[in-house]
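J.: Right, I'll just put the structure down here and ask away after.
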Amino acid sequence: MTTRIAVIGVGSIATQHLISYQKNPQAELVAVCDIDQTRAKAQADKFGVPKATDVVDEILSDPGIDAVSICVPNFLHAKFAEAALRAGKDVLVEKPMSVNVAEAEALVQATKETGQALQIGYVRRFAPNALVTKRFLDEGEFGDIYAARATIIRAAGNPGGWFGDVAVSGGGPLIDLGVHIIDLCWYLMGMPAPVSVSGATFSPLGARDNIKHLTRYRAASETRVNNVEDYATAQIRFENGAVLDVDTSYSLHARNSTSVKIHGDKGGAEIEPELLMITERHDTLVHIQPQIDSLGFDFTVGFANQIDHFLQICRREIPADATAEHGLEMARMLTAIYESARNGSEVTIAR
Ligand SMILES: NC(=O)c1ccc[n+]([C@@H]2O[C@H](COP(=O)([O-])OP(=O)(O)OC[C@H]3O[C@@H](n4cnc5c(N)ncnc54)[C@H](O)[C@@H]3O)[C@@H](O)[C@H]2O)c1
């Protein structure tokens, strides 16, 4: 059975969605939509998609479309996702699912009322380094995970465009990059309920547009606004006593680095930058390095796996497993971190 797909918002990351759908014989790309009609047409031509429109309602009211990928700026995610669910479409929504808790609650409600599937684009869960870690974890190799630590530091990596405008993005590196690694750790920790956070944000450097001779990820449309944080750091406490420490930046006097680590009572794992498992055997510390194609985060394979998985969800072979409920817990954590940073004190997560 083929799933008829439309991609809404066809800027930078949508290209990965389009490539991955195109590779899967059980997907049929039937439409793209973008407020930038030229971009919509260009992507439709490039990927051989029959329809290009700048009107989202044309996609939602089309009975010939089963499912949508939503790849627009963050503040539109929840609005478009809810409209798509209520129009009878299954939804793959890019991260973050929403920019606040109220929107996330509305999406939980909408999935319950419609029975449609919503999957969040947590691509890092689908890269081989994470899949292998999860398999070992499920087999009990690490025991209970009680601590995790995750970092994505960019020295000069503000993507510009809408990413810098808090009204459109909902925040800076925390909501853009932090969301990936918070989710990955939280998922591997068994998704315990977050109970409190202590966070801080800093913005002394700005977007660092003065930096020359350095290529960086750029949003499709340029704007000059930058009112998001440069750097965010936080500790999240969970109901089972576990803690997650996270820090992330667009701008920081530091070397670029990515690191994701989980620590359990039987073993630990460094998932990024390179998969390595650490344990003890017979009174000896032991490192286990799986022999897989890519020990780091393989973006292309992760995307292809994510899209293949979403298509299985659309065919009802498996249930959605990066759900609106997961997006709601994430919204609670991110909102509390920003609140804690503003207040300068720990914030208890109400539920
Ligand atoms: N999973 C990942 O690794 C990853 C990486 C980058 C971005 N993202 C996410 O993907 C989303 C898009 O990011 P991007 O970098 O592609 O941004 P982008 O600016 O390159 O693309 C966004 C597109 O949405 C279009 N758009 C804006 N408003 C619209 C509307 N009302 N209706 C239709 N189209 C509209 C824009 O014209 C643009 O083409 C963001 O939510 C971002 O967080 C995810």
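J.: If you plug each phi of region 239-254 into the Karplus form 6.51 cos²θ - 1.76 cosθ + 1.60 with θ = phi - 60°, what whole-Hz ³J(HN,Hα) values come out, in order, with x for Gly and Pro?
T.: 4, 8, x, 5, 10, 10, 9, 9, 8, 7, 8, 9, 9, 6, 7, 6
J.: Let me ask another. Under the classification rounded if a/c is under 1.5, otherwise prolate if a/b is larger than b/c and oblate if not, where does region 249-351 fall, given a ≥ b ≥ c as square roots of the Cα gyration tensor eigenvalues?
T.: Details: a/c = 1.64, a/b = 1.11, b/c = 1.48.
It comes out oblate by the Cα gyration axes.
J.: State which entries of K23/K89; K23/K212; K46/K261; K112/K134; K51/K95 exceed 32 angstrom in Cα-Cα distance in the structure shown.
T.: Pairs exceeding the cut-off: K23/K212; K46/K261.
J.: Farthest toward the dipole's positive end in the chain, which of A42, V243, A331, given Cβ charges of +1 (Lys, Arg) and -1 (Asp, Glu) about the Cα centre?
T.: A42
J.: Mind giving me the nanometre distance, one decimal, between the label points for S257 and T215, set 7 Å out from Cα along Cα→Cβ?
T.: 2.5 nm
J.: Between I292 and S61, how many nm apart are label points set 7 Å from Cα along the C-beta direction?
T.: So the two model labels end up 4.6 nm from each other.
J.: For the chain, divide the Cα radius of gyration by the Kirkwood radius and give the resulting Rg/Rh value with two decimals.
T.: On the Cα set of the chain, Rg over Rh gives 0.96.
J.: Not counting the cut sites, what is the longest span of the chain without GluC sites (Glu not before Pro) that DSSP labels loop and that have at most 14 other Cβ atoms within 10 Å?
T.: 1-138
J.: At a Förster radius of 30 Å, what calculated FRET efficiency corresponds to the Cβ-Cβ distance of K134 and T2, to the nearest 0.05?
T.: For R0 = 30 Å, the calculated efficiency reads 0.55.
J.: Extending each Cα 7 Å along its Cβ direction at R224 and V243, get the distance between those two points in nm, one decimal.
T.: Here the answer is 4.4 nm between the modelled labels.
J.: A further question follows. Report the extension gain between K112 and A42 in nm, rounded to one decimal, defined as 0.36 nm multiplied by the number of residues separating them, less their alpha carbon distance. List each step's numbers first, then the result.
T.: Values: separation 70, 0.36 × 70 = 25.20 nm, distance 3.65 nm.
Once the chain is fully extended between K112 and A42, it gains 21.5 nm.
J.: Could you work out the local net charge near E103, counting Lys and Arg as +1, Asp and Glu as -1, over the other residues with Cβ closer than 9 Å to its Cβ?
T.: Net charge around E103: -1.
J.: How are the C-alpha pair distances of region 1-145 spread across 10 Å bins, as whole percents from the shortest bin up?
T.: Values per bin, smallest distances first: 12, 38, 31, 15, 4, 0.
J.: Here's another thing I want to ask about it. Report, in deg cm²/dmol and to the nearest 500, the calculated mean residue ellipticity at 222 nm for the chain, where each DSSP H run with n ≥ 4 adds -39500 (n - 2.57) and the sum is divided by the residue count.
T.: -9500 deg cm²/dmol
J.: Okay, next question. To the nearest 20 Debye, how big is the dipole of region 30-87 about its Cα centre, given +1 on the beta carbon of each Lys and Arg and -1 on that of each Asp and Glu?
T.: Numbers: 6 positive and 9 negative charges, 25 e Å.
Value, rounded to 20: 120 debye.
J.: Let me check I've understood the local charge: for G64, count other residues with C-beta under 15 angstrom from its C-beta, Lys and Arg +1, Asp and Glu -1. What total comes out?
T.: So the environment of G64 carries a net charge of -3.
J.: Just to be sure I understand: if I project the alpha-carbon convex hull of region 87-135 onto a plane and average over all orientations, what area do I get in nm²?
T.: 4.3 nm²
J.: Please work out how much accessible surface C314 shows to a 1.4 Å probe, ignoring ligands, DNA and RNA, in Å² rounded to 10.
T.: 10 Å²
J.: Also: Report the Cα centroid-to-centroid distance between region 196-235 and region 18-53 in angstrom, as an integer.
T.: 31 Å
J.: At 0.36 nm per residue, and after removing the present C-alpha to C-alpha distance, how many nm does the segment from D265 to Y146 gain when stretched out fully?
T.: Roughly 42.1 nm would be gained on extension.
J.: Oh, and also: Quote the charge dipole size of region 1-57 about the Cα centre in Debye, to the nearest 20; the model charges only the Cβ of Lys and Arg (+1) and of Asp and Glu (-1).
T.: Taking the Cα centre of region 1-57 as origin, the dipole is about 200 debye.
J.: Just how large is the dipole of the chain about the Cα centre, in debye to the nearest 20, putting +1 at every Lys and Arg Cβ and -1 at every Asp and Glu Cβ?
T.: Dipole magnitude for the chain comes out near 600 debye.
J.: Let me ask something else about it. If you average the alpha carbon positions of region 241-296 and of region 302-351, how far apart do those two centres end up, in angstrom?
T.: Their Cα centres are 21 Å away from one another.
J.: Where does the charge balance sit around A6 when Lys and Arg score +1, Asp and Glu -1, over other residues with C-beta under 10 Å from its C-beta?
T.: Computed value for this residue: 0.
The values are calculated or read from the model by the stated rules, or taken from the named source; none is laboratory data. Please read these numbers as outputs of a predicted model, since none were measured by experiment. Virtual Cβ from ideal backbone geometry, glycine too; neighbours counted across all protein chains shown. With ligands, DNA and RNA removed, areas are computed over all heavy atoms of the protein, side chains included. Shrake-Rupley method; radii C 1.70, N 1.55, O 1.52, S 1.80 Å.
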